[in-house]
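Undergrad: My structure is below; once you've seen it, I'll send some questions.
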Amino acid sequence: MSSEIIVNVNIREIRLALMENGSLREIYLEKPDQHRIAGNIYKGKVVNVLPGMQAAFIDIGLEKNAYLYVSNALPIETVLNGRRKKRKRKKINEILHPNQSVIVQITKEPIGSKGARITSRISLPGRYMVLTPLDNHIGISHRIAKESERKRLRKLANEVCQNGEGLIVRTAASGISNKELKRDYRFLKLLWENIKDKSRKSKAPALLHHDADLIFRAVRDIFESDVKKFIIDDRKVYQRVLSIASDLAPDCIDRVFLYTQNRDIFDTFGVEAEINKALKRKVWLKCGGYLIIDKTEAMTVIDVNTGKFVGKKNLSDTILKTNLEAASEIARQLRLRDIGGIIIIDFIDMETEVNQMKVLQALDDAIIDDRAQPTVLGITGLGLVEMTRKKVSFGLSEIMQKNCPYCEGSGRVISEEAMCSYLENEIKKYFSTYSTEAILIEVNPLVAAVLIGAGGSNLNRLEKECNGTIFVRGAEHRHVSDWMIISAGTSESVQMQALPVSEGDRLSVFIEERHQNNPSIGIARVNGYVLQVPDGGPHVGKRIRLEVKKTFRTYGITQIVQ
């Protein structure tokens, strides 16, 4: 598989895209004032121990205390000494107690109201391997397929590991000499010794080790043999990549390039368009089907639909082809959007178990290269596919989007009709509370049209019920749910502020529709205020100039001018 790394640098952020065969697979963003903290190592202090939850809350110097579960908790003595004997499972209050110091690493960044998730089981990533000083497991990347190479790497790992520590050998180690691999190991070993030494000298809470920034991590973790080009549009960052690569990956330096064209680098490689698609709820498949991706607090739900795809053979074949393409696209979207946690997929119902297994296998094959370690759990009794994916930090939508201040993240807003019902009650309350003759209310133009009604019928009824005069002004800047009483007082004083046009004004307006009772009359609107245009019916859909001849509370009469 041919891959490219594309880096866009601007004053607000650094954006890094991983392309595979010309298609966007992963996107990373880092802002100068928002550094990633996953992977950081701290000396923390136990704030409280909760036996009922088998967990403890640890102060590591962040805004919220971090969460440490019992299976990931180790006393500081065990961490510093580096030897951990197998023991029976203990309860959290047998391992930790308040005010005790602990060495921990962030495994999941704080998200929303939740603090960071941490572990005492430290892991330190290098270019070719990951050192796990408190875990004696030896692991070899599953992407290294050649058995003789796997045996060589496992033998080397067993030789260098000391005192029960563990190693995970990364894909980039394939074909690398033993000398280079041992050099990587010695670097990680020295790093761990420095972290322990700093812990002995520091008072909790304290940062012991800050994981690398985006550019360093890209060279260390992503710049592998299958990456044919590493392209950067900023000379300073380009020089830094060359410097890092000369230490970590000298054999890759000839694949680092500086982008010098005037056109935006993300536009050139089609990244910008792919990011915009990744922020949408609906994702179209090449066959004509589509996915609907909905994220909730508890899980992400993905629905598969045939859409415009009608197939060529039969319904069963159409469904299978749609589901197979959907499986591949779902795997891509999970990586691209960095969706983590519980994921439920509602594939189109399949009649045979054979077809179900084909789709599950296609999904398994598609996620095999995902570094976030997704796991397909199987099909539920309702025919839904369950899977999980590791979540370390914010996903793409959480970084680039925020909840709508009007719908508060629900994706739905109040209708104009429902808003008018609410407003009528509020207006009635106002007139019953305050002694006033007239009011001017400002609302969204769509709401104004419904509130006034055809020929002012709704407004006339409401005025009778309130025993007052109501002026309605439409304002484009107001949301459907936004409104305000602008002024109150006598009818004459309020009317002077209420009308958006005056007699004699000349305007350029768009004729929206014909009059309901007289098709020869056109209807235009200025901030929701209706303008009747005699002989304007034939001009619907066009912009014309007119003069205001007469104004009334809810509408005005005009004349077309040349």
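The values are calculated or read from the model by the stated rules, or taken from the named source; none is laboratory data. Fair warning: this is a prediction, and the values are worked out from it, not measured in the lab. All Cβ positions, even for glycine, are placed from backbone atoms using ideal geometry, and neighbour counts span all protein chains on display. Accessible surface is based on the protein model in full, side chains and every heavy atom, while ligands, DNA and RNA are left aside. Shrake-Rupley method; radii C 1.70, N 1.55, O 1.52, S 1.80 Å.
Undergrad: Six or more apart or on different chains, Cβ under 9 Å: which pairs go from a residue in segment 179-201 that's within 15 Å of Cys161 (Cβ to Cβ) to one that's among the polar types (S, T, N, Q) and open to solvent by 20 Å² or more (accessible area, probe 1.4 Å)? Could you list them?
TA: Cβ pairs passing all conditions: Lys189/Gln162.
Undergrad: Within segment 472-500, track down each residue that is of a type outside the set (Gly, Ala, Ser), within 45 Å of the chain's Cα centre (by Cα) and within 17 Å of Lys550 (Cβ to Cβ).
TA: Leu499, Pro500
Undergrad: Separate question: Considering only residues that are out of contact with any Leu (no Cβ under 8 Å at 6 or more places or on another chain) and of a type in the set (Ser, Thr, Tyr), look in segment 473-507 and name the one that is least open to solvent (accessible area, probe 1.4 Å).
TA: Ser491
Undergrad: Additional query: Could you grab the pairs with beta carbons closer than 9 Å, sequence gap of 6+ or different chains, first residue in segment 525-546 and within 19 Å of Pro445 (Cβ to Cβ) and of a type in the set (D, E, K, R), second one open to solvent by 60 Å² or more (accessible area, probe 1.4 Å) and in a loop (DSSP other than H, G, I, E, B)?
TA: Correct list of pairs: Arg525/Glu512.
Undergrad: I need the strands (runs of 3 or more DSSP E) fully contained in segment 324-425, keeping only those with at least 3 residues that are surrounded by fewer than 17 Cβ atoms within 10 Å (Cβ to Cβ).
TA: 341-346, 375-379
Undergrad: Please enumerate the residues belonging to segment 206-218 that are in contact (Cβ under 8 Å) with a residue 40 or more places away in the chain and of a type outside the set (Gly, Ala, Ser).
TA: Leu207, Leu208, His209, His210, Asp211, Asp213, Leu214, Ile215, listed by residue number.
Undergrad: Right, next: Which pairs turn up if I take residues in segment 459-485 that are touching a residue at least 40 places away in the same chain (Cβ under 8 Å) and farther than 17 Å from Gln497 by Cα and look for partners that are open to solvent by 50 Å² or more (accessible area, probe 1.4 Å) and hydroxyl-bearing (Ser, Thr, Tyr) with beta carbon separation below 6 Å, at least 6 apart in sequence or on another chain?
TA: Cβ pairs passing all conditions: His479/Tyr406; Ser481/Tyr406.
Undergrad: When the residues of segment 79-97 are narrowed to those that are modelled with pLDDT of 85 or more and touching a helix residue (DSSP H, G or I) at 6+ places or on another chain (Cβ under 8 Å), which ends up most open to solvent (accessible area, probe 1.4 Å)?
TA: Among those residues, the one meeting the criterion is Lys91.
Undergrad: Something else: Which of (1) open to solvent by less than 20 Å² (accessible area, probe 1.4 Å); (2) among the small types (Gly, Ala, Ser); (3) within 25 Å of Gly112 (Cα to Cα) is the odd one out, the single condition Ala298 does not satisfy?
TA: The number of the failed condition is (1).
Undergrad: So, of the residues in segment 135-152 that are over 34 Å from the mean Cα position of the chain (by Cα) and either β-branched (Val, Ile, Thr) or within 16 Å of Ser123 (Cα to Cα) (or both), which turns out to be modelled with the lowest pLDDT?
TA: Per the stated criteria, the residue is Asn136.
Undergrad: Read through the list (1) open to solvent by 70 Å² or more (accessible area, probe 1.4 Å); (2) closer than 30 Å to Ala66 by Cβ; (3) not in a helix (DSSP H, G or I), then give the number of the only condition that Leu190 fails.
TA: Single failed check for Leu190: (3).
Undergrad: Out of all the residues in segment 171-183, which are surrounded by 18 or more Cβ atoms within 10 Å (Cβ to Cβ) and either touching a strand residue (DSSP E or B) at 6+ places or on another chain (Cβ under 6 Å) or hydroxyl-bearing (Ser, Thr, Tyr) (or both)?
TA: Across segment 171-183, the qualifying residue is only Ser174.
Undergrad: Considering only segment 228-267, state which residues are open to solvent by 70 Å² or more (accessible area, probe 1.4 Å), out of contact with any helix residue (DSSP H, G or I) (no Cβ under 7 Å at 6 or more places or on another chain) and either outside any helix (DSSP H, G or I) or of a type in the set (S, T, N, Q) (or both).
TA: Gln239, Phe257, Thr260, Asn262, Arg263
Undergrad: Moving to a separate point now. For Thr306, state whether it is in contact with a Cys (Cβ under 9 Å, 6 or more places away or on another chain) and either over 19 Å from Arg25 (Cα atoms) or open to solvent by 60 Å² or more (accessible area, probe 1.4 Å) (or both).
TA: In short, yes.
Undergrad: Hey, can you tell me all the residues within segment 254-284 that are over 24 Å from Lys229 (Cα atoms) and basic (Lys, Arg)?
TA: Hits for segment 254-284 are Lys277, Lys280, Arg281, Lys282.
Undergrad: Looking at segment 98-122, which of its residues are part of a loop (DSSP other than H, G, I, E, B) and either farther than 22 Å from Arg200 by Cα or open to solvent by less than 40 Å² (accessible area, probe 1.4 Å) (or both)?
TA: Gln100, Glu109, Pro110, Gly112, Ser113, Gly115, Ala116, Ser120, Ile122
Undergrad: OK, next. Cβ contacts < 7 Å: first residue closer than 13 Å to Lys295 by Cα, restricted to segment 269-284; second residue part of a loop (DSSP other than H, G, I, E, B) and open to solvent by 60 Å² or more (accessible area, probe 1.4 Å), any location; separation 6+ or different chain. Result?
TA: Leu279/Gln401
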